[in-house]
Amino acid sequence: MYRIAVSGKGGTGKTTISGLIVKSLLDGGIKPILAVDADPAGCLAPVLGAKPEVTLGDIREMTRDSKDLPKSQFVEMSVQQAVWEGEGFDLISMGRPEGPGCYCFVNSLLRDSLERLSNSYQAMVIDCEAGMEHLSRRTAGRVDLLVLVSDLSARGIRAAKEMINIARKLDNVPRETRFILNCTREGEPPELLANKINEAGFSDYLTAVYDPGIVNMELRGESFLKIGEDSPVLMVVREMLDDYFGEGE
C-alpha cells in the first residue's frame, strides 16, 4: 500500500493538492483509496464531495465514557462506522484536537485500528494539518511520499523545510519527498524566491499555476473529482505522481 501525506503552512493549497492526488490515483486505476482528513478544519471532505458524520475525535471522546464494551472493541467498531464510503475511495476524518486529560491509551487504540483499516486499501492519502502532528504520532505509519506545499512566501518555504527537520528528529523520515510551489503566475518564480527554495534544499521542485477554475469549483461546493483534464494544477499533480511511480518501477 502507498502512503502519501500532504503538508504545508496553512493556506498554501495543500488540501487542493490532496484532493487532486486522490483523483489522479483513481484515474490511474489505483483503488480503493483511503483519504484521511487529518486537518481539524475538515477541508478535504467537501473537496471530495464526502459528508462524514463521525470523526475520530468524536470517537476519542465517546471512548472515554464507554462502559458497556471494552475500549478496544468499542474503538474498533466505531472506526468502521466513521468511514464514509465513496466510489473508489473512502474517507475518514480525524476531527478536532484532544480535550483536557490523558488520551494516550485511546490514541494508541485509534492508531492501531486505523492501521488495520488501511490494510484494505491500495493507497492512503493524508491531508495533514499545518504541521507534522499526525506524522509525529505515527498515526499514518511510515510515509512513502511526503508532498510539501508552499505559497509564494518565505514563511511557506521555511515551514516546509522545518517539517523535514521534524520528521528527521522523530525518526519518521518519508521514503521520498516532493515540493510544490503553488499558486504561481505564468513562468518561473522570482529569482529571490527561487534562491530561498534552493537554500531550503528543494532545488528540484514543481510549480503549480494559479487556477481560477479551482476557486470557482470550491465556491460552488463542487467535488474536485469532477475537475477538467485541462486544469494546470491537476497536470502538475499527475506529473509528480508519474515521476514518483516511474522511479518505483
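Just so it is clear, none of the values below were taken in a lab; they were calculated from the coordinates. Everything numeric in this text was worked out from a predicted model, so none of it was measured. All Cβ positions, even for glycine, are placed from backbone atoms using ideal geometry, and neighbour counts span all protein chains on display.
Check whether at least one residue in the stretch 156-164 is in contact with a helix residue (DSSP H, G or I) (Cβ under 6 Å, 6 or more places away or on another chain), assigned to a loop (DSSP other than H, G, I, E, B) and of a type in the set (A, V, I, L, M, F, W, C), and report yes or no. No, because not a single residue in the stretch 156-164 is in contact with a helix residue (DSSP H, G or I) (Cβ under 6 Å, 6 or more places away or on another chain), assigned to a loop (DSSP other than H, G, I, E, B) and of a type in the set (A, V, I, L, M, F, W, C).
In the stretch 46-58, which residue that is crowded, with 22+ Cβ neighbours inside 10 Å and touching a Leu at 6+ places or on another chain (Cβ under 7 Å) is farthest from GLU87 (Cα to Cα)? Before you say what the answer is, go through the steps one by one.
Of the stretch 46-58, the ones crowded, with 22+ Cβ neighbours inside 10 Å are 47-48, 56.
If we keep only those that are touching a Leu at 6+ places or on another chain (Cβ under 7 Å) as well, we get 48, 56.
On the way: LEU48: 11, LEU56: 22 Å.
Within the stretch 46-58, the match that is farthest from GLU87 (Cα to Cα) is LEU56.
Tell me, please, whether a residue that is in a helix (DSSP H, G or I) and of a type outside the set (Phe, Trp, Tyr) can be found in the stretch 30-42. So far as the stretch 30-42 goes, no, none of its residues is in a helix (DSSP H, G or I) and of a type outside the set (Phe, Trp, Tyr). Restricting attention to the stretch 206-237 and to residues that are charged (D, E, K, R) and assigned to a helix (DSSP H, G or I), the residue that is surrounded by the most Cβ atoms within 10 Å (Cβ to Cβ) turns out to be GLU218. Close contacts from the stretch 156-183, counting a first residue that is on the phi > 0 side of the Ramachandran plot and a second that is surrounded by fewer than 19 Cβ atoms within 10 Å (Cβ to Cβ) and assigned to a strand (DSSP E or B), with Cβ to Cβ under 9 Å and a gap of 6+ residues or different chains, come to CYS183/VAL209. Would it be correct to say that ALA194 is closer than 17 Å to ALA159 by Cα and either among the basic types (Lys, Arg) or crowded, with 19+ Cβ neighbours inside 10 Å (or both)? No: the conditions fail for ALA194.
Results for (1) closer than 14 Å to GLU129 by Cα; (2) of a type in the set (Phe, Trp, Tyr), shown as yes or no for each residue.
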site: SER7; (1), (2): yes, no
site: VAL22; (1), (2): no, no
site: ALA41; (1), (2): yes, no
site: PRO46; (1), (2): no, no
site: LYS67; (1), (2): no, no
site: TRP84; (1), (2): no, yes
site: SER93; (1), (2): yes, no
